Structures are given as C-alpha cells and as structure tokens.
C-alpha cells in the first residue's frame, strides 16, 4: 500500500511540475510569407503574359443559359425556372441589387465588367471593376487550404502552374454566394461548394476560364463551363473604380454647402424610381 | 402553369419585402426595361449622375405623346467604365443640353427607362453603347483607324 501511495505521489508531482512550467514550453514558430528573392521576381518572367485588361464574352454567358444549364437538383431547378419565367415576364428577380460582391463563382460566370491579373511571387491576384472593386487572392506558394477556412465571398484559393495553365482550387465560399447563370437567375450554393478552375490563353489574346463546380446542396453532379475573356490594351480599358454602393446615392450639398451623398430610392429590380 | 412551391413564393416575397422597405441599390439586370419597343423623349437634360453601377440622365420631356407623358424622366445606362469604352465622357451630356433620347421604357409605364441612343440637338452628335459590341480582343486597333 505504501508503495502505491509513493507512485501516486510521484505522478501527482510530475503533473504539478508540468502545469507550472507549461508557460515555458517553446511556442510553434509562426508560418511566414518569406520576403521574395531576386530569383522569385525573375521567375515571374517565365510565366505566360496575361497583362492588359480582360473583358467578358457576355453573349456566350447569355447562350449558355440555354445550352449549358447546371445539373440542378429538383429544388434548385424549380427556383431557376421561376426566376427565368419572371425575367421573361419583365419582373427581374433582384439577385445582385444589394451590391454585395457578386462573389465566387458568379464573378467568373456572369460578370459584365473587366478584370486584370497580377503576378507577384507566390501569388496571383485578380482585380475587377465592380462590387466596390472586387479582388481574388490565389496563393501559388504551395500552401494548402486552411483546415477550416472562415467562409468568405471569394473563398480560399490556392493555385499551381501546369505549364501555361493556372489551376486554381477554391473552397470556403459563403453559402449565400450565388451560382448564377445570368444577372437575373441564380441559386445560393448553400454550402460545401468546391470550385476548380483551369485558366489559360486559348489564343494569344483570348483567355479561357474552365470551371468545374461541385455544389452538392444544389446540383446533382459537378458542372463544367468555360467562360471567355478578351484582352484589351487600349488605355480606355484601364480598370476604373467601380463602387457599386455609389448607386445608393446622388451627389448633393448639405446646409453648409458641403458636398455629401444623398440616398435615393430604387425599385425592387434595382433601377432608380422615376420622378412622379 | 406549374404550381410553384411555397418556399419559392416565400423567398420571393421576403426579398420583395426587404427590397420594398429600404432603398435597394442599383446593380441590376435590364429586364425591367421593355427592350422590344422604343419611345422617344425630346427635352432638356436636368441632371447627369455619372455613378456606378449605372449612370443616369434626367430629362425633362417637353413633347407628350401617347404613353409618353411630359415631365421629368430618369434614363439609366451602363457603368462609367463601360461607357468610356464606347466613346463617352462624363461631360458630353450636360444639364441644359437639348436632346432627343431613344429609350426602352420601364415595363410598368412610369417615367423611366434604359437608354438606347441620345442625340444632342446643338450638334446632331449621337451617342449609344452596347457592351456586347466589345467581344473581341485588341479593340485598340479600332481606335487607331
């Protein structure tokens, strides 16, 4: 019995000692983004030339509403058919009128605005001309996705180069983000969406974004679609500021003559309410 | 017509309720405009809102026609960026300008619409836009011609 008590006493002592010294244990080093080397910058010149500004082929977006509808499940199909009927009847479903980001994958699927693509060491950045100046960060430094990423409008994207094709994998998109087939028809992805993209130049000045979208809450199987963008070098195409919320307001003056924004009324479909 | 589920109606009604209760913003499709028909406004520009996501021109229509009442109309266009690429600037149409505007009127018959073409009376110069006309690369080569 005495021997048992001795063992228990020693074990208790070890536990107390460990607890007392836990604060002294070395902390794991933070993972950092290392400063790029001269070679990292030089290696960027080996990537394909995606400079310029890229505007979307909207007529192909229009056409795919009829030729390449996602494999919706029954509930999602019902909603899409309702929206398409409403649009045909001239009652636009108010999908993007709240000016929240079009988000992924709707940016790639139905945008009417231009974008540009920037390469920096370890990263590809897409900048667009809407929402309030939209932005996607695609990490190409070999990192994995976080185990449980915080949901965001554009999700968490990692990319790798396969020759001249950028292969992008995106998870962690908010469930409210629409899988849209037009500005007036789309279904919230409802969570667990996974998007892969193969982005490449199909011709010297034509970019193809080949998407495969898996959205088990609203589609019965993965959906593939290719979206087309054209390169422009005219400075008229330089990306300009596009703050969507500006449409909430009109310029005006306060009682002291200061320039201010004055809220304006809009109809359900998003257009300004006409004067009486 | 196939009956729609309660949920579809419920969500549509909810969106409508929210949208009706507050001034919703303006990034929208053009479905609300009657794109199959064109009306003509003749009048004076009162205001130009060169704002994202849709520029607006306010026109005091002087000549009433059947279904096209006199008074102040608001005509919407695409974004400033897209208009610039169609040859517009924010100063080509100014308050006080006499204009003729070809418009796709709002389907609800109120004094609003989407612009098809606007012509300045003083110069005869017309401006239009169609973002689907830009669907080829290297448009800068067109500008050089």
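Each value in this text was obtained by applying a stated rule to the coordinates, not by laboratory testing. Treat the numbers as computed from the prediction; the structure is a model and nothing was measured. Glycine gets a Cβ as well: all are built from the backbone with ideal geometry, and neighbour counts include every protein chain shown.
How much space per residue, in cubic angstrom, does the convex hull of the C-alpha atoms of region A:159-223 take up? Each step should come with its number before you reach the end.
Details: hull volume 6.3 nm³, N = 65.
Per-residue hull volume (Cα only) is 97 Å³.
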Quote the relative contact order of region B:23-88 in percent (integer), defining contacts as alpha-carbon pairs under 8 Å separated by 6+ residues. 26 percent
Over all pairs of different Cα atoms in region A:107-165, the reciprocal of the mean inverse distance gives a Kirkwood radius in Å of 12.8 Å
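Mean separation of Cα pairs under 8 Å and 6+ residues apart, divided by the residue count of chain A: what relative contact order is that in percent? Can you show the working numbers first?
Values: 475 pairs, mean separation 52.4, N = 276.
Relative contact order of chain A: 19 percent.
Relative to 2.2 N^0.38 Å, what does the C-alpha radius of gyration of region A:133-178 come to as a ratio? Two decimals please. Write out the running numbers ahead of the final one.
Details: Rg = 11.4 Å, N = 46, 2.2 N^0.38 = 9.4 Å.
Here the Cα radius of gyration is 1.21 times the empirical estimate.
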Using only the Cα atoms of region A:204-276, build the gyration tensor, take square roots of its eigenvalues as a ≥ b ≥ c, and label the shape rounded, prolate or oblate: rounded if a/c is under 1.5, else prolate if a/b is larger than b/c, else oblate. oblate
Taking Rh as the Kirkwood radius, which is the inverse of the mean 1/r over Cα pairs, what is the Rg/Rh value for the protein assembly as shown? 1.10
Kindly provide the pair-distance distribution of region A:58-169 built from C-alpha pairs, with 10 Å bins from 0 and whole-percent values in order of increasing distance. 11, 34, 35, 17, 3
Residue with peak Gaussian network fluctuation, chain A [Cα springs, cutoff 10 Å], from A:123, A:136, A:250: A:250
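Shielding of A:57-67 by partners, i.e. mean partner chain Cβ atoms within 10 Å per residue? Spell out each step's value before the answer.
Values: counts 4, 5, 3, 1, 1, 1, 0, 0, 0, 0, 0.
Averaged over the peptide's residues, the number is 1.
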Restricting to DSSP H runs of at least four residues, report the calculated mean residue ellipticity at 222 nm for the protein assembly as shown, -39500 (n - 2.57) per run over all residues, nearest 500 deg cm²/dmol. -6000 deg cm²/dmol
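If packing is taken as the average count of other Cβ atoms within 10 Å, what order do B:70-78, B:58-66 fall into, highest mean first?
Details: B:70-78: 21.1, B:58-66: 15.3.
For the peptides B:70-78, B:58-66, the packing ranking is B:70-78, B:58-66.
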Averaged across the residues of B:79-86, what count of C-beta atoms belonging to other chains lies within 10 Å of each residue's C-beta? 6
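For B:105-112, what's the mean count of beta carbons from other chains sitting within 10 Å of each residue's beta carbon? Each step should come with its number before you reach the end.
Working: counts 1, 6, 5, 5, 1, 6, 4, 6.
What the average comes to for B:105-112 is 4.
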Running a GNM on chain A with Cα contacts under 10 Å, which residue among A:29, A:224, A:57 ends up with the highest mean-square fluctuation? A:29
GNM, chain A, Cα, under 10 Å: largest mean-square fluctuation among A:68, A:81, A:258? A:258
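Summarise the long-distance tail of P(r) for region A:99-227 by giving the % of C-alpha pairs beyond 26 Å.
Numbers: 1273 of 8256 pairs.
Result for the distance tail: 15 percent.
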Quick check: from the Cα gyration tensor, does region A:31-97 come out rounded (a/c under 1.5), prolate or oblate? prolate
